[in-house]
Amino acid sequence: MASGFVYDPATGVYTYRPENINGNYSTSGRLTFDTPFDKERKLKFETTTAWQYYHSVDLMGTAQAGGEALMRSTRSTVHTHLLTEQIKLDYALSKATLGVKGNVTWQNATSARESFNEISAFDYQYGLTARITLPWDMRLSTDLTVYSRRGYATSGMNTDDVVWNARLAKRFLKGNLSVMVDGFDILGQLSNLRQSVNSQGRFGDVARRYAPAT
């Protein structure tokens, strides 16, 4: 369901109405490979390659060249490809597991729409993780991650954010009850809003979300 409009130049009135529009679909594929590097299986490597494609169709209403108003909303089709590569390397000790991680996603969006600007940008992240067993059967999970974005036309989207999360968990009643305390964005460097690109290639502000340590 899309919001379409018709413009009456005699009265200057826009009439908006919901319209059915067909053609939206997506497809994806994923390949994961993991292997230990030693006989004791203490050092483990994992890689995931993923591809996603979005065929997004909507109704758009923007001014024509010269500032003349459109008589009605027009059909807009955007093709978006996302290619992601993720790697993880973990080393298991007697009471702790330490790891490094990295993730990069290339986003490419194109359209025949006259006002559309092609998007070719990278989102990438890298950091350290740790899971430690403490005395009294307590478990500490923590991760320090740098989130970066490059290649966007809007300068506010080309950012670097350092995020440190931690979780302390304790089990009771023979493991039937767990109590957890989460520390999210301990460094306090995140804004509550971040800019994003929707399926039609438009920029906007959305609530920021980063997963806590697990």
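Please treat every number below as a calculation from the coordinates, not as lab data. Nothing here was measured: the structure is a model prediction, and the numbers come from that model. Cβ: placed from backbone, ideal geometry, glycine included. Neighbour counts: every protein chain shown.
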GNM on the chain, C-alpha springs below 10 Å: top fluctuator among LEU140, LEU93, LEU173?
LEU173
Work out, step by step, the length gained on full extension between VAL162 and MET138: first 0.36 nm times the residue separation, then minus their alpha carbon distance; give nm to one decimal.
6.0 nm
Working out 0.36 nm times the residue gap between LEU177 and LEU83, then minus their Cα-Cα distance, what length gain in nm do you get to one decimal?
29.8 nm
Over the chain, with a single point scatterer placed on each C-alpha, what log10 of the ratio I(q)/I(0) does the Debye formula yield at q = 0.17 1/Å?
-1.25
Relative contact order of segment 56-161 (C-alpha contacts under 8 Å, at least 6 apart) in percent is 18
Quick one: pull the percentage of alpha-carbon pairs in segment 1-61 with a separation above 16 Å.
70
Rounded to the nearest 0.05, what FRET efficiency do ALA50 and SER3 have when you use their Cβ-Cβ distance and R0 = 41 Å?
0.80
Label points 7 Å out from Cα along the Cβ direction at SER120 and ALA92: separation in nm?
4.4
I want to verify the translational diffusion coefficient of segment 85-176 in µm²/s; compute it with Stokes-Einstein, Rh as the Kirkwood radius over Cα pairs, at 37 °C and 0.692 mPa s.
203
Kindly flag which residue pairs out of LYS95/LYS170; LYS42/LYS101; LYS44/LYS101; LYS44/LYS174; LYS39/LYS95 have an alpha-carbon separation exceeding 22 Å in this structure.
LYS44/LYS174
If you keep only loop residues by DSSP, which GluC sites (Glu not before Pro) in segment 65-136 have at most 15 other Cβ atoms within 10 Å of their Cβ?
GLU68, GLU114, GLU118
Report Rg (one decimal) and Dmax (nearest whole number) for segment 1-112, counting Cα atoms only, units Å.
24.5, 80
If you take the beta carbon distance between TYR25 and THR154 as r and set R0 to 25 Å, what does 1/(1 + (r/R0)^6) give as a FRET efficiency, to the nearest 0.05?
0.35
Chymotrypsin sites (Phe, Trp or Tyr not before Pro) restricted to segment 1-104 and DSSP loop, no more than 15 other C-beta within 10 Å:
PHE37
Give me the dipole magnitude in Debye, nearest 20, for the chain about the Cα centre, with unit charges on the beta carbon: positive for Lys and Arg, negative for Asp and Glu.
920
